[in-house]
């Protein structure tokens, strides 16, 4: 928007962001989106929002029917990001120790030693997370919030960056458990893929296995790239006018219901900053806030995306 660009001209962007370094990331961002959209067809906005979560350092939850590409998208994201990757298939008999690890007695050394679980990675795909019990699900809480996990009173730091990509099936399906609200709040975004278009589905029928296509992809980013980008996101300029707009949206969600928490408001700002970066701008506009609002807010306030969109429509941009 023109008014926002005029405000940004007054901001000390050059002192806060290395514009040349920022611009150096743009080709990689474009390549990442191009590559992943060759795998996940007709879902450009969902893949952009998923990348937005990674740059913002927030975890992402994919919720949909089985067989619509949730796991394929998660695997593609991990591969292109160039980070260490582990996958956990959650089941109803899984224990918390199967996720974080366990202390085992070493008879040779006559001492207990910690055996790391699959959570000790940089990208963790928690597949069908709601098929395990709430107790097992909660094993991820500390890791998702603090980047550490505690076993028998001892805390272990997780590799950085640490990103959880979780998938869950609709709750009306048998053998599922609802995620606790406290854990839902740890996900920066909840995304839904939905059915592909007819043309996209025809292309899927004509092409080979998605797994083979993923294996052919080259890493676009590396560990240091992701760490740098997560720091750059924090420096994306957000004007007072945009902050007021974010607060107006939060206030609207709280009318007659349990609305966005302060953590949710902070998440909305950070997601908008990451989206602005993907759009190759060093400042946030209301359009960026609107682009991420449903994905950030809906699961936190217990509404559908359509209902959350109606809330957004009731707030005007000053």
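The values are calculated or read from the model by the stated rules, or taken from the named source; none is laboratory data. For clarity, every value in this text was computed on a predicted model and none was experimentally measured. Cβ: placed from backbone, ideal geometry, glycine included. Neighbour counts: every protein chain shown.
For the reader, a short list of remarks on this structure follows.
- Condition broken by residue 58, with the remaining ones in (1) modelled with pLDDT under 90; (2) assigned by TED's automatic domain parsing to the domain that holds residue 210 satisfied: (1)
- The number of residues in the range 150-169 being in contact with a strand residue (DSSP E or B) (Cβ under 7 Å, 6 or more places away or on another chain), exposed (fewer than 13 other Cβ atoms within 10 Å of the Cβ) and modelled with pLDDT under 85 comes to 1.
- Scan the range 78-125 for residues that are more than 19 Å from residue 55 (Cα to Cα) and either assigned to a strand (DSSP E or B) or not assigned by TED's automatic domain parsing to the domain that holds residue 177 (or both) and the total you get is 16.
- Counted residues, the range 136-149 - those being assigned to a helix (DSSP H, G or I) and buried (at least 17 other Cβ atoms within 10 Å of the Cβ): 6
- Segments classed as helices (runs of 4 or more DSSP H), wholly inside the range 260-315, with at least 3 members that are at positive phi and not assigned by TED's automatic domain parsing to the domain that holds residue 51: none
- Residue 88 satisfies every condition listed in (1) free of Cβ contacts under 8 Å to residues at least 60 places away in the same chain; (2) within 26 Å of residue 115 (Cα to Cα); (3) surrounded by fewer than 21 Cβ atoms within 10 Å (Cβ to Cβ) except (3).
- Any hit, the range 16-29, residues being touching a residue at least 24 places away in the same chain (Cβ under 8 Å), part of a loop (DSSP other than H, G, I, E, B) and surrounded by 13 or more Cβ atoms within 10 Å (Cβ to Cβ): yes
- The range 279-290, residues that are buried (at least 23 other Cβ atoms within 10 Å of the Cβ) and farther than 12 Å from residue 250 by Cα: 284, 285, 288
- All positions within the range 207-226 that are farther than 10 Å from residue 80 by Cα and modelled with pLDDT of 85 or more: 223, 224, 225, 226
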